[in-house]
1. Expressed in nm to one decimal, what extension gain is obtained for the pair residue 270 and residue 41 from 0.36 nm per residue of sequence separation less their Cα-Cα distance?
2. At q = 0.13, 0.16, 0.17, 0.23 Å⁻¹, what log₁₀ I(q)/I(0) does a Debye calculation on the Cα points of the range 230-327 give, no solvent, two decimals?
3. Express in nm, to one decimal, how much length is gained between residue 253 and residue 23 on full extension, taking 0.36 nm for each residue of separation and deducting their alpha carbon distance.
4. For the range 22-89 and the range 316-382, what is the separation of their C-alpha centers, rounded to whole Å?
5. In Å, what Kirkwood hydrodynamic radius results for the range 204-260 from the alpha-carbon pair distances?
6. Using only the alpha-carbon atoms, what does the range 70-190 span along each of its principal axes? Please give whole angstrom values in decreasing order.
7. Provide the convex hull volume over Cα atoms per residue for the chain, in Å³.
8. For the range 293-382, would you read off the P(r) tail past 17 Å as a percentage of all alpha carbon pairs?
Ligand SMILES: CC(C)(COP(=O)(O)OP(=O)(O)OC[C@H]1O[C@@H](n2cnc3c(N)ncnc32)[C@H](O)[C@@H]1OP(=O)(O)O)[C@@H](O)C(=O)NCCC(=O)NCCS
């Protein structure tokens, strides 16, 4: 933060207001509730695009031609299977390990097996981005089956990224509606300015480390309940509430005791988060189609009570995604990994962008500890 000459330097707690990168990837306009990727409104992309096309747009900067999209899709499909050595290693993991911890570990393992090694050449990083983006879904589904004592289901090459993930998870092809819903959720989560995990990825890249290190660090950041981990916390809260009658006392008690309610609040949005609006629409539609209205009813009641009690705190992307995934039969431990399955395309795009005009990230700190201490030899200390 710039300060007047001789003024005491200020800590920007949580780095609020600090601009640490220029990006052409996404633009979060928090005052008006608008999000764009490469200048395209997220609502247009959610309504008309696909995960694969949006990845192409984010990485290469323009909406692809039919041929270019087919080319990238073929590469993503070919990169889906995991090396046997990695699958073998996963069989040895403790079965209770959380999927986010497994993702972080397996991404590191994949780095050991990547034929491009630690090369930071543009072409090597594009190939690594393709592999990481394809394989995040494969690892998640494989671990789900391994943790249940089953063999992983191998990826299919005739399904979209979203449909193939659901197929690898449940062993049966999803309906067109299920695949479309997940595809839309993946588009909505792909990139979001300099959020915490993307900042971590760019910081690691700025040291000229490697793509696998950047993505494993980003996974560690995403896992936290203040970031991507919030969608799992939301579902646990909805299950704990179980009924609309419990909502109002729960919210009033949380606010009175300054407890954060998962799925609400955002550093940048000072109005509705457009991703949350899209996911709310999907949650309401899914409730109509399945007849299971319980989770949207509890969610809608929460939204209504919060609008009344703290109108400046809006629902965020993690609020309605929770009940959407739950209604699709996805286990709660996979909610944050689904965020990662999408966001990896953003992280890798940011790593490549950082390296195009790099300077090491090195913020400053203010020392506030004791000064002028005298060293006392061990034998003379009390
Ligand atoms: C997202 C989040 C980390 C942003 O944090 P931040 O920018 O540092 O915001 P602050 O913690 O400074 O919050 C500002 C005020 O809103 C309140 N607030 C913010 N989010 C809140 C929430 N989810 N529930 C209750 N109060 C909340 C804070 O208590 C604070 O109130 P105060 O001014 O009376 O002290 C925060 O809103 C949060 O923890 N949300 C819940 C977790 C979540 O859903 N994360 C996913 C984000 S996409």
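Where a number appears in this text, it was derived from the coordinates with a stated rule and is not lab data. Source: prediction; values computed, not measured. When we count neighbours, we look across all protein chains shown, and the Cβ atoms used for this are built from the backbone with ideal geometry, even at glycine.
1. Here the segment from residue 270 to residue 41 would lengthen by 80.6 nm.
2. Log10 I(q)/I(0), no solvent term: -0.39, -0.60, -0.68, -1.29.
3. Fully extending the segment from residue 253 to residue 23 adds 78.7 nm.
4. 22
5. Taking the inverse mean of 1/r over all distinct Cα pairs, the range 204-260 comes out at 13.9 Å.
6. Reported extents, whole Å, longest axis first: 40, 38, 24.
7. 204
8. Summing the P(r) of the range 293-382 above 17 Å gives 74 percent of all pairs.
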